[in-house]
Amino acid sequence: MLLFSAFSERLTFPILGFRTIPTEPIPTECDFEEHWFGEHSARVYHHGICRIACLFSETSYLDIVANPDKNQIYEVYKTLGFSDDNIEFHYDDVDYTNEWGINQCAVSYGIKKINSALGAKNLVVMNIRGTPLSHYEWLSNLNLSDTDHSMREMHEGYDISADQMKESLDDFVRRRGVDPSDTFFIITGHSRGASVANMLGAKLADDDAYNKDLIYDYTFGCSNTTLSDDFNNEKYSFIWNISNGEDLVPTTPPNQGIWKYKKFGNEKTLISRWGAKDVEKYENEMLPLMSEYYEKYLCRPYEPFRSGRFFPTQLGWGFDVLYHGMNQYYRKFLGFRNTGEFVFKKLIFPVGKKKTRENADTLKNKKRTIVDVVDDHTNHLIYTYANRCVDMHACESYMAWLMLFDEDEVYTDLESLQITMNGDVEGAILNERGDVLIEFKNGYTVYNKDRTKKIPAVALTLPGKTVIGLPKNENFTFMLHKDSLIPSPVSLQFENHDVSGNCLATSEKQKLSLGKGSAVSFSTADFDFALGSFGKADITAKEFRDTTKINPATRFNWNIQFSMSGNFVPEIGMNIGCDLLYASMLFEFGDGLYSLNPGIGHRETLFSRMILDLTLFTKLCLADDFKIIPSARVSLAFKPATRFQLFVAGTFDFDTDDKEIEPGLRFGARF
């Protein structure tokens with residue numbers, strides 16, 4: 001017979017938002033019922049327990065040492081019925097000079113007796129703090145293998161920190177005299193705290209003293225922690241990793257190239273524009289409601305990317321290119337680890353320099369002035385993307401989604417499509433309404449200027465290729481064309497990505513040949529990974545131009561041109577106009593010759609990146625005798641990327657006095 005009643009009600013928690021923004025705690029309502037515990041094994045996700053864990057993670061960043069009397073973590077414990085003598089804070093225990101060094105965490109504990117679905121049992125809450133405003137634990141985040149620079153199976157910084165947390169938990173259980181095999185645990189953390197909680201869960205999975213069916217290990221914004229292929233073993237199934245679908249942190253260290261980092265246990269991904277099965281409901285109902293809730297804590301609306309895990313995935317590939325191995329990660333010059341240490345120790349958290357409020361405000365104002373100038377000249381991209389990066393990872397965003405929506409609404413498992421396009425090509429991506437979202441022209445990716453259309457498609461132009469990311473909750477039409485005299489090759493490769501950004505399947509390269517009068521159109525819905533084919537339709541160049549409004553021949557362009565003749569006479573000038581007809585003004589000087597050369601020209605793409613120009617000049621020679629010389633020039637250029645061209649030109653000057661044609665060669669560049 002139970003001697004106490006179950007604690008079950010809707011509670012209001014005092015939650016303080018992201019550092020220094022709201023000055024007073026925000027009343028935050030959340031249900032808590034003791035009979036949740038033991039209804040099912042902890043290996044079954046529980047939305048109510050996840051919400052409570054997120055509340056604890058949100059409060060873990062508070063400076064307990066500096067604010068012992070105004071402590072929202074304490075208030076959360078008290079609201080849940082934990083008594084004063086059953087709450088412990090181990091924040092002032094953190095000492096970066098002890099044996100743990102930089103690899104340690106602050107933690108709080110609470111213990112209480114609950115009336116669970118399995119009867120009267122103890123509940124222990126272990127709330128691990130994320131990275132504080134200090135360089136030490138940031139360096140631990142960068143510690144993949146500080147000891148020997150080898151490809152260790154575990155992220156060393158998190159592994160050592162988890163050892164510290166395991167020792168701390170074992171000590172807490174021993175001092176409190178509870179049986180870990182018959183006790184419920186909530187273990188939680190955000191960001192770094194999440195990564196350590198994830199690693200701690202893996203260690204507890206191998207400890208027979210703990211009953212894993214009673215351990216609710218919930219992490220929020222957890223980094224990847226291990227290279228082990230055993231990461232999703234059933235023994236880790238009590239670990240639940242909650243990720244924002246556009247958060248960069250859960251994709252680091254990367255799972256691309258030679259870097260195959262994963263996290264232990266299950267991963268559930270919060271809804272985003274790419275993950276919404278009902279896009280209209282997401283945009284018009286869910287997102288405004290979430291943004292209003294989020295604004296209470298950060299004093300501004302929520303700003304999502306609307307590009308899924310596309311950019312984190314591309315950053316992972318970039319990381320693999322720059323640091324292809326642990327030896328490169330740890331190299332002295334521009335190695336990621338050493339560069340990160342310089343940034344955190346010297347720039348962000350300078351060692352030995354005491355920060356005062358006055359100095360901080362002065363520095364903040366100086367930084368704001370510089371950033372504002374850059375931001376004003378980039379159409380406010382600096383602040384926009386900075387806010388989005390914060391919003392995607394802030395624990396407040398996790399809390400807002402989880403508090404507002406039930407499990408069946410807030411998570412997604414929708415996959416996405418990535419297309420790699422090799423070859424210099426003109427093209428466009430259109431949505432289901434026929435609106436042009438993205439254009440590919442002249443080596444550039446150009447987005448629709450009307451940003452209010454909330455473009456879900458995204459593209460990144462790299463040397464020699466363009467990578468495109470698209471959600472699968474909408475159908476898109478591709479139209480491609482190459483205005484070349486000789487048909488030019490273009491290849492497309494399709495990749496199917498899961499909600500975490502991991503590649504599930506890759507198609508064979510689909511090869512196309514596009515020339516002056518031809519174009520192709522295809523729908524993303526028609527691609528079949530099983531067959532490795534897509535239903536392309538051949539269309540005319542006119543149909544392409546009429547639909548996309550892209551016409552390379554009449555597009556305005558300009559470039560600076562510099563060249564050198566065979567006898568080292570330099571020439572500099574400008575071309576301005578379109579391929580169909582452009583004006584040229586060149587100035588030739590040296591070897592006693594000065595001439596101003598106005599002219600008109602016509603440009604054709606010969607093949608792929610090879611460009612043919614025909615230009616007619618009137619050379620106004622300004623030597624001893626003024627002379628007018630008709631001249632023609634035929635040049636063949638190679639365009640490696642965007643505007644830049646390298647060319648060789650044959651020149652033909654018509655000397656009207658001697659009735660002769662004087663040929664010559666020039667080598668130069670346009671940019």
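Helix-only arithmetic for the chain: the sum of -39500 (n - 2.57) across DSSP H runs with n ≥ 4, divided by the residue total, places the mean residue ellipticity at 222 nm at -7000 deg cm²/dmol. Rolling a 1.4 Å probe across the protein heavy atoms gives the stretch 49-158 an accessible surface of 36 Å² per residue. Pairs from the list LYS78/LYS212; LYS281/LYS536; LYS263/LYS511; LYS262/LYS332 with a Cα-Cα gap above 29 Å: LYS281/LYS536; LYS263/LYS511.
Distance between the C-alpha centres of the stretch 220-235 and the stretch 549-565: 52 Å, rounded to the whole angstrom. Rounded to the nearest Hz, the phi-derived 3J(HN,Hα) couplings of the stretch 198-215 under the Karplus curve 6.51 cos²θ - 1.76 cosθ + 1.60 (θ = phi - 60°) are 5, 5, 4, x, 5, 6, 5, 4, 9, 10, 5, 5, 9, 8, 5, 6, 10, 9, where x marks glycine and proline. For the stretch 236-331, the C-alpha radius of gyration sits at 1.33 times the compact-globule guess of 2.2 N^0.38 Å, with N the residue count. Its Cα centre serving as origin, the stretch 79-131 has a Cβ charge dipole (Lys and Arg +1, Asp and Glu -1) of approximately 440 debye.
For the stretch 588-671, the list of trypsin sites (Lys or Arg not before Pro) that fall in a loop by DSSP and count at most 14 other C-beta atoms within 10 angstrom reads ARG643, LYS659.
Rank these by accessible area, largest first, 1.4 Å probe: CYS578, CYS222. List each step's numbers first, then the result.
Numbers: CYS578 25, CYS222 0 Å².
Sorted by accessible area, descending: CYS578, CYS222.
Of the residues PHE440, THR420, MET151, the one whose Cα sits farthest towards the positive end of the charge dipole of the chain is PHE440 (charges of +1 on Lys and Arg Cβ, -1 on Asp and Glu Cβ, taken about the Cα centre). With the charge dipole of the stretch 519-671 set up from +1 on Lys and Arg Cβ and -1 on Asp and Glu Cβ about the Cα centre, the Cα lying farthest toward the positive end among the listed residues THR540, GLY590, VAL634 is that of THR540. Ligands, DNA and RNA left out, the accessible area of the chain computed with a 1.4 Å probe is 56% carbon and sulfur. The figure for GLU474 is an accessible area of roughly 30 square angstrom, using a 1.4 Å probe on the protein chains alone. The charge dipole of the stretch 540-671, taken about its Cα centre with unit charges on the Cβ atoms of Lys, Arg (+1), Asp and Glu (-1) only, comes to about 960 debye. Placing +1 on the Cβ of every Lys and Arg and -1 on the Cβ of every Asp and Glu, with no other charges, gives the chain a dipole of roughly 1440 debye about its Cα centre.
For the stretch 533-667, the spherically averaged projection of the C-alpha convex hull amounts to 10.3 nm².
Could I get the Rg over Rh figure for the chain? Both from C-alpha atoms, Rh via Kirkwood, rounded to two places.
So for the chain, dividing Rg by the Kirkwood Rh gives 1.09.
Accessible area per residue for the stretch 543-639, computed on protein heavy atoms with a 1.4 Å probe, is 51 Å². Entry comment: accessible area of the stretch 288-342 is 50 Å² per residue, from protein heavy atoms only and a probe of 1.4 Å.
As a test, work out the antiparallel percent of DSSP beta bridges whose residues both lie in the chain, rounded to the nearest 5. Write out the running numbers ahead of the final one.
Details: 150 of 174 bridges.
Taking every DSSP beta bridge within the chain, about 85 percent pair in antiparallel fashion.
Projecting the Cα atoms of PHE568, PHE617, LEU581 onto the dipole axis of the stretch 547-631, where Lys and Arg carry +1 and Asp and Glu carry -1 at the beta carbon, places LEU581 farthest toward the positive end.
For PHE476, the residues whose modelled amide H falls within less than 5 Å of its own, excluding neighbours fewer than 5 places apart on the same chain, are THR524, ALA525.
Available extension along the chain between ILE661 and LYS277 is 131.2 nm, counting 0.36 nm per residue and deducting the alpha carbon span.
The values are calculated or read from the model by the stated rules, or taken from the named source; none is laboratory data. For clarity, every value in this text was computed on a predicted model and none was experimentally measured. We place every Cβ from the backbone using ideal geometry, glycine too, and count neighbours over all the protein chains shown. Areas reflect the complete protein model, heavy atoms only, side chains present, ligands, DNA and RNA absent. Shrake-Rupley method; radii C 1.70, N 1.55, O 1.52, S 1.80 Å.
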